[in-house]
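What follows is a single structure, written as structure tokens, with notes after it.
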Amino acid sequence: MEVSAKYNPAEIEDKWYAYWMDHRLFHSEPDEREPYTIVIPPPNVTGVLHMGHMLNNTIQDVLVRRARMQGKNACWVPGTDHASIATEARVVAKLAGEGIRKSDLSREQFVEQAWEWTRKHGGIILEQLKKLGASCDWDRVNFTMNEAYSRSVIRVFVDLFNKGKIYRGVRMVNWDPKALTAVSDEEVVHKEVQGTLYYIRYKIKESTSATGDDYCVVATTRPETIMGDTAVAIHPNDPKNARLRGKTVIVPLINREVPIIEDEYIDIEFGTGCLKVTPAHDVNDYLLGEKHCLEAIDVFNDDGTLSEKAQLYVGQDRFAVREQIVKDLDAAGLLEKTERYAHNVGFSERTDVAIEPKLSMQWFVKMGELAEPALEAMMNNEVMLHPAKFKNTYRHWMETIKDWCISRQLWWGHRIPAWYLPDGRFVVAADAADALKQAKALTKNKSLTETDLQQDGDCLDTWFSSWLWPIAVFDPEVPGSGEDVDPNIDLQYYYPTSDLVTAPEILFFWVARMLMAGYEWAGGYPFKNVYLTGIVRDKAGRKMSKSLGNSPDPLTLIERYGADGVRMGMLLTSPAGNDLPFDEALCEQGRNFCNKIWNAFRLLNGWQADSSLPQPAHSAQAGEWFRQVLRKAAADIDDDFSKYRLSEALMALYKLFWDDFCAWYLEIIKPPAGQAIDQKTLDTARLFFDYLMRLLHPFMPFISEEIWQHLNPRRDGESLMTQPQPYADSFDDSCLARFEVIRQAIAAIRTIRQMRSIAPKEPLALYVKGEADAHLFPLLQKMANLSVIVPGTPEGGCNVASFLVGTTEFLVPLGAKINLDDERLKLQADLEYQQKFVASVKHKLSNTGFVQNAPEQVIALERKKQADGEARIKAIEEQLKTL
RNA sequence: GGGAGUUUAGCUCAGCUGGUUUAGAGCAUCUGCCUUACAAGCAGAGGGUCGGGGGUUCGAAUCCCUCAACUCCCACCA
């Protein structure tokens, strides 16, 4: 077999992904094994893969592959989300490019356009995931707008409505004037903006001033809303505005007479203590309006331009009007002054335009009862959050949860299943036929037809469908009609899922709501563990985003470093919940690791075995040692996984392979150039390599499969993917400790060579004074290139370099190569260090408080430190004397 | 405005139920090597008074208080 000198990922990755697919190794069906399930956080159907997806899906794949190798029936369900606002916005933009406005099309035409767009772009992201190596069950791809899934969404709506948990009402909502829809509180991002506070004069009608110039001054950031003013409010205990009580003021420009009202809500200290009240355009004003029975005058159109009701500036944009009205007020002598003022303004998460608080008729879900079990689950650890620090935030949100506005004034999505009767009443039903039946019953009018009913024009919030994801991907018939008695096998087997991997930003949007849906319709929690990833940031700490253009293209990265390399790069610095400061250097490290693995394999692969050769002692020793190293590693990695510490598990594996296996084990057993290796050692080494590939596979599936397939002849269809994962086992600590002494001695001898420019090829002699494990001397001899190892001290004593490991003294005679002054300096420095150390230990031991209070073990340890230290000092002093 | 979190080597992070030599890892840096698996490499080395201050304790990176800086979440003061 020809094996190239450099690892070439592209070819190998495509080959094995196709092989896994051809043999349906990702597919899962319910059976008698323990299930392990993950549902993918469905990306936007028309989205493209970004770094956040890369991180998120790498983690999921690691978990799924490991579970699969542990003998579980692993199922990772992929799919996409219809993402109503985002997708609709894209379709609108695409049409705009063709000179078509959304309003030019009928609803049906527009929806057909959106479907076409979805068919064309949908699923691209799933193809990209395959490049990453994602072992999803591609037979189970789902979509939140699939027919079956959609029926589930509608049934859920009807069910909630029948339970009295959905209501319709006029409320102040967050209006997005660009997307022309209401959005939920969670979709509003508050940003601080530098604005202006305008002080505007409202003339007092009852003024007794001779000149008639008696004003009350109101401070506002939104002068363009004054046409909607229906009162001016003051605090009842505000002495400086007491004169205004019971008066009437005149709204500037439009000359509407409005009353002065009194309310404790008013902050006396802010501005002038007078608040203009615009019930239609501010949430607080709305509440004040309700309380004081004020009229709400909506002066805006849906697109943020001024409406007929404003009387002035009709048709102009709200921000243009702001500028203009300030000029007009000033010209009329009604602008007292302006101040710069920083305040928070809500922006739409999707379109980034300023949200307009707006009164409108919307649908809401009552959240109180739904939230209870979802909160409880997290608090009593029925569902575990990793890391747990997000629990507080979660609790706070759930305890103060508000009703959920679920209607969106969009066409792309699940249409609200409510039908209006000619008389304005409405019915909620799963379909038009049922709606008609209900309508007839309601009106007692048998001659009603479907054309008499008008379905609500709004769509449901995207999250109103994705909160059913862990249920609906297995059984879209949930919630059942009550008549359906067949339990769904898939739902029974796979639900609840095991781990959910997602970003903390959607803890409320999605995670919390899935929990609610799980308890409401599937009888329990939807997942046992929630792993929250961090946010992928660039080197400057900025969040990676399309708009900033600071995100590398994932597919380019994969081309450059290989999927395994990129996977490793993503995972190296991403402990759960920590942001990931992404740096391409990490992928480079991943690629280098692949290359290292590849070359280790080439070395092993190139060895010729000679069965007549006996196994050298050093190789046998290395085998004994490395067997223990592997056992310990498997235990450590198990422990890391149990705590969801994937980065640490991978780092442990990295060091295991690179340092322990390559730098030590392979170097020890490596036969002299051009010579054969004994059969036993080669067999053992292959076995170790096999074991290492199993540990590595969840992280780096491609290279591990490639090598595993080369290690031994395999049957068609056989794959490392389904081989057992090594499990934690006991290991011999003392064996590891004995090797450690020898390893340190070897390193020390190498340092001696380096400091004195002695070539590694030149053999040296070594004297050992004190306790040492002679069993490992052959290994020491090979690795340090020693001609002999002799107990005791060399004759004559001088011209010796020495070092200590523990309390054992090692001496290397160097003859003329040694510079006695340098040696003395080195020993002096060492002596000083040891003396300081012993002094500090002694100090501790002379503290009566310590001796009396510290546990015996701790004191014994300190005594040993002292004894060891003193022994070392003695050895160094003797060495100094002989020089 | 409220809440949570972070602060340990140049960078990214472990360590934090207080005591396993005078705090660890990876990367980066420096030195010497193209040694026949790998220069995407090998062998070495240097680098931190654990954000500042105070306290508890025989003993603090680890517990408490305080100050500072940064981050995130929540929040409608015009």
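Residue A:256: of a type in the set (Lys, Arg), at pLDDT 90 or above and near RNA strand B (Cβ under 9 Å from one of its atoms), yes or no? Taking the combined requirement at face value, the residue does not satisfy it. The listed residues are A:753, A:743, A:738, and the only one of them that is in contact with a Pro (Cβ under 7 Å, 6 or more places away or on another chain), outside any loop (DSSP other than H, G, I, E, B) and surrounded by 18 or more Cβ atoms within 10 Å (Cβ to Cβ) turns out to be A:753. With respect to the conditions (1) out of contact with any helix residue (DSSP H, G or I) (no Cβ under 9 Å at 6 or more places or on another chain); (2) under 30 Å from residue A:180 (Cβ atoms); (3) surrounded by fewer than 17 Cβ atoms within 10 Å (Cβ to Cβ), residue A:332 lacks only one, and its number is (2).
Inclusion of residue A:722 among residues that are within 40 Å of the chain's Cα centre (by Cα) and of a type in the set (S, T, N, Q) is warranted. Taken over the range A:274-309, the criterion of being of a type in the set (A, V, I, L, M, F, W, C) and surrounded by fewer than 16 Cβ atoms within 10 Å (Cβ to Cβ) is satisfied by A:283, A:287, A:293. Taking the stated definitions as given, is residue A:351 in contact with a strand residue (DSSP E or B) (Cβ under 9 Å, 6 or more places away or on another chain), closer than 30 Å to residue A:403 by Cα, polar (S, T, N, Q) and surrounded by 14 or more Cβ atoms within 10 Å (Cβ to Cβ)? Spelling it out, residue A:351 is indeed in contact with a strand residue (DSSP E or B) (Cβ under 9 Å, 6 or more places away or on another chain), closer than 30 Å to residue A:403 by Cα, polar (S, T, N, Q) and surrounded by 14 or more Cβ atoms within 10 Å (Cβ to Cβ). Filtering the range A:580-597 to residues that are within 19 Å of the chain's Cα centre (by Cα) and more than 6 Å from RNA strand B (Cβ to nearest atom) leaves A:580, A:582, A:583, A:584, A:586, A:587.
Of the helices (runs of 4 or more DSSP H) lying entirely inside the range A:503-578, those carrying at least 2 residues that are within 12 Å of RNA strand B (Cβ to nearest atom) are A:554-561, A:563-572.
Those residues that are exposed (fewer than 10 other Cβ atoms within 10 Å of the Cβ) and near RNA strand B (Cβ under 6 Å from one of its atoms), I need them from the range A:835-856; list them, please.
If the condition is that a residue be exposed (fewer than 10 other Cβ atoms within 10 Å of the Cβ) and near RNA strand B (Cβ under 6 Å from one of its atoms), then A:849, A:855 are the ones that fit.
Tally time: how many residues in the range A:751-776 are within 8 Å of RNA strand B (Cβ to nearest atom) and among the charged types (D, E, K, R)? The qualifying residues number 2. From the list A:101, A:107, the one residue that fits, being touching a Phe, Trp or Tyr at 6+ places or on another chain (Cβ under 9 Å) and surrounded by fewer than 24 Cβ atoms within 10 Å (Cβ to Cβ), is A:107.
When you check residue A:372 against the structure, is it in a helix (DSSP H, G or I), surrounded by fewer than 19 Cβ atoms within 10 Å (Cβ to Cβ), of a type outside the set (Val, Ile, Thr) and over 25 Å from the mean Cα position of the chain (by Cα), yes or no? It is true that residue A:372 is in a helix (DSSP H, G or I), surrounded by fewer than 19 Cβ atoms within 10 Å (Cβ to Cβ), of a type outside the set (Val, Ile, Thr) and over 25 Å from the mean Cα position of the chain (by Cα). Listed by first and then second residue, the pairs with beta-carbon distance under 8 Å, at least 6 apart or on different chains, first residue in the range A:277-290 and closer than 17 Å to residue A:202 by Cβ and in contact (Cβ under 8 Å) with a residue 40 or more places away in the chain, second aliphatic (A, V, I, L, M) and within 8 Å of RNA strand B (Cβ to nearest atom), are A:277/A:233; A:288/A:233. Residue count for the range A:806-834, restricted to those that are surrounded by fewer than 18 Cβ atoms within 10 Å (Cβ to Cβ), within 10 Å of RNA strand B (Cβ to nearest atom) and not in a loop (DSSP other than H, G, I, E, B): 3.
Out of the residues in the range A:310-322 that are part of a helix (DSSP H, G or I) and within 43 Å of the chain's Cα centre (by Cα), state the one that is surrounded by the most Cβ atoms within 10 Å (Cβ to Cβ). Lay out the reasoning, then the answer.
Of the residues in the range A:310-322, the ones part of a helix (DSSP H, G or I) are A:310, A:318-322.
Right, trim to within 43 Å of the chain's Cα centre (by Cα) and you get A:318-322.
Working: A:318: 22, A:319: 11, A:320: 13, A:321: 25, A:322: 19.
Among those residues, the one meeting the criterion is A:321.
Among the residues making up the range A:734-750, those that are of a type outside the set (A, V, I, L, M), within 13 Å of RNA strand B (Cβ to nearest atom) and touching a residue at least 24 places away in the same chain (Cβ under 8 Å) are A:743, A:744, A:750.
Exactly one residue among A:667, A:706, A:648 is surrounded by 15 or more Cβ atoms within 10 Å (Cβ to Cβ), within 11 Å of RNA strand B (Cβ to nearest atom) and not in a loop (DSSP other than H, G, I, E, B), and that residue is A:648. I'd like the full set of residues that are in a strand (DSSP E or B) and either out of contact with any Lys or Arg (no Cβ under 9 Å at 6 or more places or on another chain) or away from RNA strand B (no atom under 14 Å from the Cβ) (or both), limited to the range A:217-250. Across the range A:217-250, the qualifying residues are A:248, A:249, A:250. Selection over the range A:671-680 of residues that are crowded, with 16+ Cβ neighbours inside 10 Å and within 15 Å of RNA strand B (Cβ to nearest atom) gives a count of 2.
Answer with yes or no whether residue A:402 is surrounded by fewer than 19 Cβ atoms within 10 Å (Cβ to Cβ), closer than 16 Å to residue A:525 by Cβ, modelled with pLDDT under 90 and of a type in the set (D, E, K, R). When the stated conditions are applied, residue A:402 does not pass them.
Residue count for the range A:105-164 under the criterion of being under 23 Å from the mean Cα position of the chain (by Cα) and of a type in the set (Ser, Thr, Tyr): the result is 2.
When the test is whether a residue is modelled with pLDDT under 95 and part of a loop (DSSP other than H, G, I, E, B), residue A:100 passes it. Considering only residues in the range A:1-57 that are part of a helix (DSSP H, G or I), among the acidic types (Asp, Glu) and over 19 Å from residue A:140 (Cα atoms), the one that is farthest from RNA strand B (Cβ to nearest atom) turns out to be A:14.
The values are calculated or read from the model by the stated rules, or taken from the named source; none is laboratory data. These numbers come from a predicted model, not from an experiment. Every residue, glycine among them, receives a Cβ derived from its backbone with ideal geometry; neighbour counts consider all protein chains shown.
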